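Okay, structure first, notes after.
The values are calculated or read from the model by the stated rules, or taken from the named source; none is laboratory data. Fair warning: this is a prediction, and the values are worked out from it, not measured in the lab. In this analysis, Cβ positions are derived from the backbone assuming ideal geometry, glycine residues included, and neighbour counts consider all displayed protein chains. We work out accessible area using only protein heavy atoms, side chains counted, and drop any ligands, DNA or RNA first. Shrake-Rupley method; radii C 1.70, N 1.55, O 1.52, S 1.80 Å.
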Amino acid sequence: MSSRRDFLRQGMHLSALSVLSPTLIGSAQAAAQAAPADLTPPPDLFDAQLLDLDFWVKPRTLTVTRPASGEKAKLLYWKDGEMIDSAYQELCHLLRDVNGKQTAAIDPKLLEILWSTQAFIARYGLEQPLEILSGYRTPASNARLIEAGVPAARKSLHMTGKAADIRIASLNEEVLGGLVRSFRTGGVGYYYRSGPKGGWIHADTGLNRTWKG
């Protein structure tokens with residue numbers, strides 16, 4: 001329990017710069033002078049490395065849906081350099097293991113990935129909820145997926161609250177994955193599927209790597 005409390009305490013007091021990776025800080029500073037004064041229509045592939053520091057220090061609100069449970073939420077979870085505890089707890093609940101009915105601490109850096117992805121495309125007028133297909137998974141739930149032939153790693157970062165499978169209705173896998181990858185804050189998996197809703201993107205806070213599943 002002590003390690004969980006320490007993790008949560010760390011998440012509650014993140015400063016505006018401590019949540020940024022050195023890569024993002026350096027890239028944002030370098031690009032600040034080159035950032036266009038007026039936004040242009042979104043390109044086929046986004047590049048988050050063009051963002052300036054103002055983007056990273058503003059309040060953060062996440063609008064998410066959870067198809068597996070039918071839940072929807074719009075939460076201001078970070079402001080003035082600090083996590084808002086009540087909103088963080090609610091986001092941990094939203095990203096819970098719906099099948100295993102268990103909640104765990106979610107890595108604040110994962111929330112940063114989710115928010116920055118949504119906030120970036122909102123700059124181009126694409127304000128849509130981010131669908132959470134899978135967040136935290138218990139080891140038992142992860143094992144069941146593997147036994148059922150569903151793509152899941154035996155040491156999945158889902159089991160430590162550091163990964164989420166996501167989808168945004170207006171973006172296909174290639175565009176959404178390209179955007180998440182451009183933040184350079186972890187792994188990105190592309191899961192291409194046919195059908196009305198298409199596939200999804202796996203995003204995590206582990207090593208920078210990509211794969212297709």
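Figures for the structure shown
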read-out: Selected residue (only one of Glu131, Glu174 is open to solvent by 10 Å² or more (accessible area, probe 1.4 Å), closer than 17 Å to Leu62 by Cα, among the acidic types (Asp, Glu) and not in a loop (DSSP other than H, G, I, E, B)); value: Glu131
read-out: Check on Ala73, farther than 25 Å from Ser182 by Cβ, assigned to a loop (DSSP other than H, G, I, E, B) and open to solvent by less than 60 Å² (accessible area, probe 1.4 Å); value: no
read-out: Neighbours by Cβ (under 7 Å, 6+ apart or cross-chain): first from the range 101-114, at negative phi; second in a helix (DSSP H, G or I) and open to solvent by 20 Å² or more (accessible area, probe 1.4 Å); value: Thr103/His93; Ala105/Arg4; Ala105/Phe7; Ala105/Leu8
read-out: Identity of the residue in the range 134-168, part of a loop (DSSP other than H, G, I, E, B), crowded, with 19+ Cβ neighbours inside 10 Å and not polar (S, T, N, Q), that ends up modelled with the lowest pLDDT; value: Ala152
read-out: Those residues of the range 173-213 which are touching a Gly at 6+ places or on another chain (Cβ under 6 Å) and modelled with pLDDT under 90, in sequence order; value: Arg193, Gly213
read-out: Out of Asp47, Asp97, sole residue that is touching a Ser or Thr at 6+ places or on another chain (Cβ under 6 Å), closer than 26 Å to Ala169 by Cβ, at pLDDT 50 or above and open to solvent by 40 Å² or more (accessible area, probe 1.4 Å); value: Asp47
read-out: Selection count where residues are part of a helix (DSSP H, G or I) and closer than 14 Å to Tyr77 by Cβ, scope the range 95-128; value: 11
read-out: Flag for Ser116 being open to solvent by less than 10 Å² (accessible area, probe 1.4 Å), under 16 Å from Val188 (Cβ atoms) and at pLDDT 90 or above; value: yes
read-out: Residue within the range 188-200 that is within 19 Å of Phe120 (Cβ to Cβ), in contact with a Leu (Cβ under 8 Å, 6 or more places away or on another chain), open to solvent by less than 20 Å² (accessible area, probe 1.4 Å) and of a type in the set (A, V, I, L, M, F, W, C) present; value: no
